[in-house]
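There's a structure below that I have some questions on.
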Amino acid sequence: MSWPRLRRFALALPLALVAVGVLLLVNEAGFNRSQQAVQALRQSHAAQEALDQLMQGLLNAESGQRGYLLTQDERYLQPYEGAILAIQSHLDALRNAQPAPAHQQDFDQLVQLVARKLSEMELTVQMRRKDNDEGWRFVLSTDVGQQDMEAIRKLVVRMSGRSAQQVERGDADIHEALAWSRIGITLVALAALLAFHLYLRNSQALRAAHEREQQVLERERERLEQLVRERTASLSELAHHLQQVREDERAHLARELHDELGALLTAAKLDVARLKPRMDPDSPESAERLQHLTDTLNSGIALKRRIIEDLRPSSLDNLGLVASLEILTREFSERSGIAVQVRLEPVQLSASAQLSASAQLTVYRLVQEALTNVLKHAQARTVVVGLNAYPGHVCVQVRDDGRGFDAQAGAAPTRAHGLLGMRHRVNAEGGQLTVSATPGQGTLVSARLPLAQAAAAH
């Protein structure tokens, strides 16, 4: 990614964080201010309510007092006394609802005026109870109570006006906090949109860079795969060439052993045959040594024949694949003591559909290697070798009833090279090798090889 894109990406994240921080601060400040304004409004409403209740209590007390003074009926004293008790509770409520110390002076003055008014009413009531008519009438005629009541009304009006002003200030504070919150949220939203725009541009740039990297990686992967295919083809060709060279060397060595060593052993055996009539028949020791030499030469000839057949089966060239496999399985059964069942079909369907010489050698070596593995590792009692011809291909199978192995985990290390060699031989002929095994249930080695015309098409 280029430096300008990195710089824009580095700018978008701090901008988004700053926008979120500013939004939180604006909301918190607006909440605190609104909470304070609501608290002030609550106190103002409580003070106004206390003032209203106080004036109502004073009026109720004054009405009860006047009624009692005029009628001397004790029933008027019940609302009077109830109003007196309520006035005190209203004063306590007003004291708790005072929003600021600046209102304390008005409150103290109000308390004094209320106390004077209550004292005046209590004095007249007591005089009326004592039948001092001149006294209570004189107190009423002085208009002191009316003046106190008028002063209380003025003071209550002034305090109510202050409460109303406080309510207006609270409303203004709330509206101002809401306005600042709207402005802050709008600014933060714009900043968030800007950050989101930068994020989208950076995301597109990152996506484009990622796609370019994926294209580069895809081209590199394709190049590496092509290189691997070329190297694999080269190695397969080299391995096939080495395998062919190995078979050629084995065939050459087999011919040399057959010609040179066979000639020497045959000449030695002829010399022994010429010497035998000339030996003294009365010398049993000479006859015994001569017989031992003959047996030794016969064993050497048999060993030479077995080595030659292992190097290059002559029966494959002279008798064909089916006969060679029959000879191979019979000798394996005689040598190992393992019963071998053969189910062989001719593999030459027509002149144009038959196994090539190299494919026949591959089938022979596959069966030979499979039987060797059975003898070394399988601990089997019976082996079944099958060869079946189909239109276009030939199938060869070697099945045993031995201990098997875990095919999912792969072949054992002691068998791995043999199986790999089989697979390479079959693949080199354009065929396919399959190995199926289950622990305790034996192993099946199966190969499918195309006939000559199918192999050419492949």
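Could you state the accessible area per residue of the range 186-301 in Å², with a 1.4 Å probe and every protein chain left in place?
Per-residue accessible area for the range 186-301 comes out at 78 Å².
Which of the aspartates and glutamates could a cross-linker span from K276 if the Cα-Cα distance has to be under 18 Å and same-chain partners fewer than 8 positions apart are dropped?
Once the sequence-local aspartates and glutamates are set aside, what remains near K276 is E285, E288, D295.
Equivalent ellipsoid semi-axes for the chain, as square roots of 5 times the alpha carbon gyration tensor eigenvalues: give them largest first, rounded to whole Å. Don't jump to the answer; show the numbers that get you there.
Details: eigenvalues 3481, 180, 67 Å².
The three semi-axes for the chain are 132, 30, 18 Å.
Which percent of the accessible heavy-atom area of the chain goes to carbon and sulfur, probe 1.4 angstrom?
It is 56 percent, rounded to a whole number.
If you don't mind, another one. For the chain, find the longest principal axis of its Cα atoms and tell me its angle to the long axis of helix 144-256, 0 to 90°, nearest 10.
The angle comes out near 0 degrees.
Still on this structure: Take peptides 107-113, 341-347 and line them up by average Cβ neighbours within 10 Å, highest first, as a rough protection proxy.
107-113, 341-347
Relative contact order for the chain using alpha-carbon pairs under 8 Å, separation at least 6, rounded to a whole percent?
The value is 12 percent.
Considering the options N132, L206, Q368, tell which one lies farthest towards the positive end of the dipole of the chain, charges being +1 on Lys and Arg and -1 on Asp and Glu at the Cβ, about the Cα centre.
Among N132, L206, Q368, the one farthest towards the positive end of the dipole of the chain is Q368.
Now, a different point. What order, most packed first, do the peptides 67-80, 115-128, 392-405 have when packing is the mean number of other Cβ atoms within 10 Å of each residue?
392-405, 115-128, 67-80
Magnitude of the Cβ-charge dipole of the chain, K/R +1 and D/E -1, about the Cα centre, nearest 20 debye?
Charge dipole, the chain, about its Cα centre: 1200 debye, nearest 20.
Right, here's the next one. Return one number: the angle in degrees, 0 to 90 and rounded to the nearest 10, between the long axis of the Cα atoms of helix 284-311 and the longest principal axis of the Cα atoms of the chain.
Result, in degrees: 40.
Hull surface divided by four, with the convex hull built on the Cα atoms of the range 324-390: how many nm²?
Approximately 4.6 nm², given one-decimal rounding.
Express in nm, to one decimal, how much length is gained between R75 and H240 on full extension, taking 0.36 nm for each residue of separation and deducting their alpha carbon distance.
Additional length available on full extension: 46.2 nm.
Go ahead and estimate [θ] at 222 nm for the chain from helices alone: -39,500 (n - 2.57) per DSSP H run with n ≥ 4, summed, over the residue count, rounded to 500. Kindly include the intermediate steps, with their values, before the conclusion.
Details: 12 runs with 342 residues, N = 458.
Calculated mean residue ellipticity at 222 nm is -27000 deg cm²/dmol.
Name the residue farthest towards the positive end of the dipole of the chain from the options G67, H197, Q78, assuming +1 on Cβ of Lys and Arg, -1 on Cβ of Asp and Glu, about the Cα centre.
Of G67, H197, Q78, it is H197.
A follow-up question, please. Using the Kirkwood radius over Cα pairs, work out the Stokes-Einstein diffusion coefficient for the range 148-271 at 25 °C and 0.890 mPa s, in µm²/s as a whole number.
95
Go through the range 88-94 residue by residue and turn each phi into a ³J(HN,Hα) via Karplus (6.51, -1.76, 1.60, θ = phi - 60°); whole Hz please, and just put x for glycine and proline.
5, 5, 5, 5, 4, 5, 5
Let me ask something else about it. At what distance in angstrom do the alpha carbon centres of the range 434-452 and the range 295-336 lie from each other?
If we compute the Cα centre of each part, the gap is 25 Å.
Considering the dipole of the chain built from charges on the beta carbon (Lys and Arg +1, Asp and Glu -1) around the Cα centre, which of Q147, C395, P439 is farthest to its positive end?
After comparing all options, I get C395.
Treating cross-link reach as a plain straight distance, find the lysines whose alpha-carbon is under 22 Å from the alpha-carbon of K304, omitting any fewer than eight places away in the same chain.
Counting by Cα, and skipping residues close in sequence, K304 has these lysines nearby: K269.
The values are calculated or read from the model by the stated rules, or taken from the named source; none is laboratory data. Given the structure is predicted, the values throughout are model-derived calculations rather than measurements. Quick reminder, even Gly has a Cβ in these numbers, built from the backbone with ideal geometry, and neighbours come from all protein chains shown. Keep in mind that these areas ignore ligands, DNA and RNA; they rest on the heavy atoms of the full protein, side chains included. Shrake-Rupley method; radii C 1.70, N 1.55, O 1.52, S 1.80 Å.
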